[in-house]
Protein chains: 2
Amino acid sequence: MSDISAYMRDVGEQARKASRLVAAATTSQKNHALLAMADAIEQSREQLQKANEQDLQAGQAKGLDAAMLDRLALTPARIDGMIEGLRQVAALQDPVGEITDMRYRPSGIQVGKMRVPLGVIGIIYESRPNVTCEAASLCLKSGNAAILRGGSEALHSNQAIADCIRQGLASAGLSKHAVQVIETTDRAAVGLLITMPEYVDVIVPRGGKGLIERISAESRVPVIKHLDGNCHVYIDDQADAEKAIRVTVNAKTQRYGTCNTLESLLVAQSRAAEILPLLHQALAAHQIEYRACPTAMALLPGAKAATEQDWGEEYLAPVMSVKVVESIDQAIEHINKFSSGHTESIITESFHRAQRFLREIDSSSVMVNASTRFADGFEYGLGAEIGISTDKLHARGPVGLEGLTSQKYIVLGDGHIRT
Amino acid sequence: MSDISAYMRDVGEQARKASRLVAAATTSQKNHALLAMADAIEQSREQLQKANEQDLQAGQAKGLDAAMLDRLALTPARIDGMIEGLRQVAALQDPVGEITDMRYRPSGIQVGKMRVPLGVIGIIYESRPNVTCEAASLCLKSGNAAILRGGSEALHSNQAIADCIRQGLASAGLSKHAVQVIETTDRAAVGLLITMPEYVDVIVPRGGKGLIERISAESRVPVIKHLDGNCHVYIDDQADAEKAIRVTVNAKTQRYGTCNTLESLLVAQSRAAEILPLLHQALAAHQIEYRACPTAMALLPGAKAATEQDWGEEYLAPVMSVKVVESIDQAIEHINKFSSGHTESIITESFHRAQRFLREIDSSSVMVNASTRFADGFEYGLGAEIGISTDKLHARGPVGLEGLTSQKYIVLGDGHIRT
């Protein structure tokens, strides 16, 4: 590509134009496109796997590690997943055009809100090619145009998926620019994408912390971002021990590498001597490494001393920090200081404590007597998610179709004027 | 002030701490503080006017123009306005803690949303000292801590108002850091305020376009911003002529200097020869200057030829651009291209046309048969507004208490785990 800057401006301009068309597309047109994409992928399994093979070979030659190669692979099961995902998004309710809060005002006008697409969404992601399909489907269903920039190591796979997406758009009579997949591995493309506020309304980065921090710092377009998930469980002095242990074990061990995994456990002082040994027993099979405060250390065999840094850490591994706290006040203060604002859960039988925790914890998901692992778009009933936002403006927590829209005011009159 | 950077960090840190306390404050505590502020202002009329006199004299000496001095003046009527405003905000419903959409999920958990404050809001404004009071009241009622940075020319007035605000906070037992008014005119304070994302969650600039553009470009904190109001009225070929003229005259002439004033009129071709001469007659007393397309020029005596720039202009004056369009399609395309995304109105008796306009116009307020002048927090029933957002993320249009909050997810279980 000779002039990356001209190429990206062209992509932006086309996306802006297409965004008007997609915003006005009917629900059945959008669903038709999504189902046609699913069919195109079904019929292109061979081409997809061939393109993916190219990427995998290049990746091996470049010395990518096993985990990266695994994320890059388009296995038959993952292709099934893309097809299923497209059909699920087609089945979701269309958020666009929903009208709420219509009320007559004393002046005689009727005022309410209409849900509308954001416009053009830029998505920047890393090695998983199936994200191309997921992101395209959510943007389209929510009436937005999408500019997708995947990892350079997945270029061939992404182009093959893009081909199926274009077939689906064409079959529904929608502009092929409604979903554009960047066709160059030039890194300058990202820098350009995040500095075109005239063409791009929001950026959603999906990937490692480094990528997201860099994009947030440099973007001139609003970013819906998800940084760490340093999730807490607080076992209150009025907790039911059995529920406390069940939830803690699930939150920590069901999966280690997810952002809603428990990373830091707080236990009320008056219950620590009872609950921590029971917990240790329940966790025995999982070989969890503890980083503990002095009181917890004495109760957890093999625990290491926690450093100040441990309280803010997202381990994504069989490691957990453990701290004994004096009261719910100290628990709330500790969480609001060290948490990344993702998900926290209190275990308590006290109505009053539950209410305080729900109100005072400043995180995108706050739970009572439930595993942090529930913080997920599917579990919350959003149908799908484009990511989990740890920001405070616009959308917090799992971002589904609604998070890719906003509300404008609509006013109905009959020749009304202001006096 | 010797070390402005240390001062601002201190302000930020105190605001962050205070924000936890204000977020947890009860509705009656917040209302008590607001009413006590109103009383304090009532009792400090003399001090306020003395402080304001100092600013006015300094302003005159500095050669501020008459319009600026007028904005700076704290007349008795404006003091009444501040008192009345505080009492009105106290009477508004508390948005914090509202729980919506609680539903059981197949897993057994209950999921819903709780409305919560944003945290710390930084407000940067220009000469009007009464904004200090307005901004403080809206931030406090919505459970946020506020850092207020007014114009340097209003420093004494703002400090005197700040004094009353602190009296109100103290009387309700709330931290004095819940509302902090910057005590220096050092311009570096603004640069620091907008680059402390660790202490400030959102910036609301209120003032001229220059101020807002500069802040948006340099801020590392999300900005709720309001740029121009280049508002349109489109008179459709199925318009009622009488309503069309009534609304157009009101939208253009009720006030010239407001952001929701009509700036650009579009008229369907088939109705131009009938409606434009009638409109000209109705506008005769107002001496409006027209900047028109060739067709409209021929129908509007004294009209000047519009340049391309006129279509994007916010005149804030008795000037209006006028364009004859072929169809509603051309009207929608023109508006979406040239509008600043503030407010647009269609005049039509056609249900179909009204529906299309409502859906396809990408502005924060879209109206049918109503004057653009209605785009206002009070008219919409928000009770008050901190500004009008022309952004697309988070809040669009008039931003009231709800726009100063967001929603977190809450999850209720009884020991539920994910399987």
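The values are calculated or read from the model by the stated rules, or taken from the named source; none is laboratory data. Since the model is a prediction, treat every value here as computed from it, not as a measurement. Here the Cβ positions follow ideal geometry from the backbone for every residue, glycine too, while neighbour counts run over all protein chains shown. Only protein heavy atoms, including side chains, enter the accessible area calculation; ligands, DNA and RNA are left aside. Shrake-Rupley method; radii C 1.70, N 1.55, O 1.52, S 1.80 Å.
For region B:308-330, filtering for residues that are assigned to a loop (DSSP other than H, G, I, E, B) and farther than 22 Å from residue B:271 by Cβ leaves 6. Of everything in region A:61-76 that is exposed (fewer than 12 other Cβ atoms within 10 Å of the Cβ) and in a helix (DSSP H, G or I), the residue that is modelled with the lowest pLDDT is A:67.
The C-beta contact set for region B:332-355 (first residue under 17 Å from residue A:24 (Cα atoms), second residue surrounded by fewer than 17 Cβ atoms within 10 Å (Cβ to Cβ), distance under 9 angstrom, 6+ apart or interchain) comprises B:337/B:312. Those residues that are over 16 Å from the mean Cα position of the chain (by Cα), under 24 Å from residue A:163 (Cα atoms) and of a type outside the set (Ser, Thr, Tyr), I need them from region A:193-229; list them, please. Once the filter is applied, which keeps residues that are over 16 Å from the mean Cα position of the chain (by Cα), under 24 Å from residue A:163 (Cα atoms) and of a type outside the set (Ser, Thr, Tyr), region A:193-229 yields A:193, A:200. Does residue B:113 fit the bill of being out of contact with any His (no Cβ under 8 Å at 6 or more places or on another chain), open to solvent by less than 40 Å² (accessible area, probe 1.4 Å) and either within 14 Å of chain A (Cβ to nearest Cβ) or over 17 Å from residue B:402 (Cβ atoms) (or both)? Yes, satisfied. Out of B:101, B:94, I need the residue that is within 14 Å of another protein chain (Cβ to nearest Cβ), assigned to a loop (DSSP other than H, G, I, E, B) and either surrounded by fewer than 20 Cβ atoms within 10 Å (Cβ to Cβ) or out of contact with any Leu (no Cβ under 6 Å at 6 or more places or on another chain) (or both). Which one? Going through B:101, B:94 in turn, the sole match is B:94. With the structure loaded, tell me whether residue A:115 is of a type in the set (Lys, Arg), within 30 Å of residue A:218 (Cα to Cα), in contact (Cβ under 8 Å) with a residue 40 or more places away in the chain and part of a strand (DSSP E or B) or whether it fails that test. It is true that residue A:115 is of a type in the set (Lys, Arg), within 30 Å of residue A:218 (Cα to Cα), in contact (Cβ under 8 Å) with a residue 40 or more places away in the chain and part of a strand (DSSP E or B). Residue-level check: of (1) within 13 Å of chain B (Cβ to nearest Cβ); (2) modelled with pLDDT of 95 or more; (3) out of contact with any Ser or Thr (no Cβ under 7 Å at 6 or more places or on another chain), residue A:221 misses just (2).
So for region A:28-49 (the condition being exposed (fewer than 15 other Cβ atoms within 10 Å of the Cβ), of a type in the set (S, T, N, Q) and not in a helix (DSSP H, G or I)), does at least one residue qualify? So far as region A:28-49 goes, no, none of its residues is exposed (fewer than 15 other Cβ atoms within 10 Å of the Cβ), of a type in the set (S, T, N, Q) and not in a helix (DSSP H, G or I).
Comparison of A:411, A:325 shows that the only residue that is buried (at least 20 other Cβ atoms within 10 Å of the Cβ), more than 7 Å from chain B (Cβ to nearest Cβ) and in contact (Cβ under 8 Å) with a residue 24 or more places away in the chain is A:325. Scanning region B:376-402 for residues that are at the interface with another protein chain (Cβ under 7 Å from one of its Cβ atoms) and of a type in the set (A, V, I, L, M, F, W, C) turns up just one, B:393.
Quick check: anything in region A:363-377 at pLDDT below 95 and farther than 30 Å from residue A:110 by Cα?
Scanning region A:363-377 turns up at least one residue that is at pLDDT below 95 and farther than 30 Å from residue A:110 by Cα.
Please work out if residue B:349 is open to solvent by 40 Å² or more (accessible area, probe 1.4 Å), more than 12 Å from every other protein chain (Cβ to nearest Cβ) and out of contact with any helix residue (DSSP H, G or I) (no Cβ under 7 Å at 6 or more places or on another chain). Here the answer is no, as residue B:349 does not meet what is asked.
Anything in region B:308-322 that is of a type in the set (D, E, K, R) and open to solvent by 40 Å² or more (accessible area, probe 1.4 Å)? List them, or say none.
If the condition is that a residue be of a type in the set (D, E, K, R) and open to solvent by 40 Å² or more (accessible area, probe 1.4 Å), then B:308, B:313, B:314 are the ones that fit.
Consider region B:384-408 and keep the residues that are within 26 Å of residue A:340 (Cβ to Cβ) and hydroxyl-bearing (Ser, Thr, Tyr). The one that is surrounded by the fewest Cβ atoms within 10 Å (Cβ to Cβ) is B:405. The set of residues from region B:363-383 being without any contact (Cβ under 8 Å) to a residue 40 or more places away in the chain, over 25 Å from residue B:267 (Cα atoms) and either of a type in the set (Gly, Ala, Ser) or open to solvent by less than 20 Å² (accessible area, probe 1.4 Å) (or both) comprises B:377, B:380, B:381. You will find that of B:335, B:347, the residue that is under 23 Å from the mean Cα position of the chain (by Cα) and among the aliphatic types (A, V, I, L, M) is B:335 and no other. Would you check if there is a residue in region B:353-362 being away from chain A (no Cβ under 13 Å), under 30 Å from residue A:143 (Cβ atoms) and open to solvent by less than 10 Å² (accessible area, probe 1.4 Å)? The answer is no, given that none of the residues of region B:353-362 is away from chain A (no Cβ under 13 Å), under 30 Å from residue A:143 (Cβ atoms) and open to solvent by less than 10 Å² (accessible area, probe 1.4 Å).
Answer yes if at least one residue in region A:218-228 is outside the structural domain of residue A:282 (by TED's automatic domain parsing) and of a type in the set (S, T, N, Q), and no otherwise. Within region A:218-228, one or more residues are outside the structural domain of residue A:282 (by TED's automatic domain parsing) and of a type in the set (S, T, N, Q). In this structure, does residue A:98 turn out to be at pLDDT 95 or above, within 20 Å of residue A:162 (Cβ to Cβ) and either assigned by TED's automatic domain parsing to the domain that holds residue A:174 or of a type outside the set (Lys, Arg) (or both)? It is false that residue A:98 is at pLDDT 95 or above, within 20 Å of residue A:162 (Cβ to Cβ) and either assigned by TED's automatic domain parsing to the domain that holds residue A:174 or of a type outside the set (Lys, Arg) (or both). Among helices (runs of 4 or more DSSP H) entirely within region B:221-307, having at least 2 residues that are crowded, with 21+ Cβ neighbours inside 10 Å singles out B:241-253, B:269-283.
Which is in contact with a strand residue (DSSP E or B) (Cβ under 7 Å, 6 or more places away or on another chain) and among the aliphatic types (A, V, I, L, M), of B:124, B:41? Result of the check over B:124, B:41: B:124. Looking at region B:1-47 only, could you name the residues that are more than 26 Å from the chain's Cα centre (by Cα), basic (Lys, Arg) and within 14 Å of another protein chain (Cβ to nearest Cβ)? Passing the criteria: only B:17.
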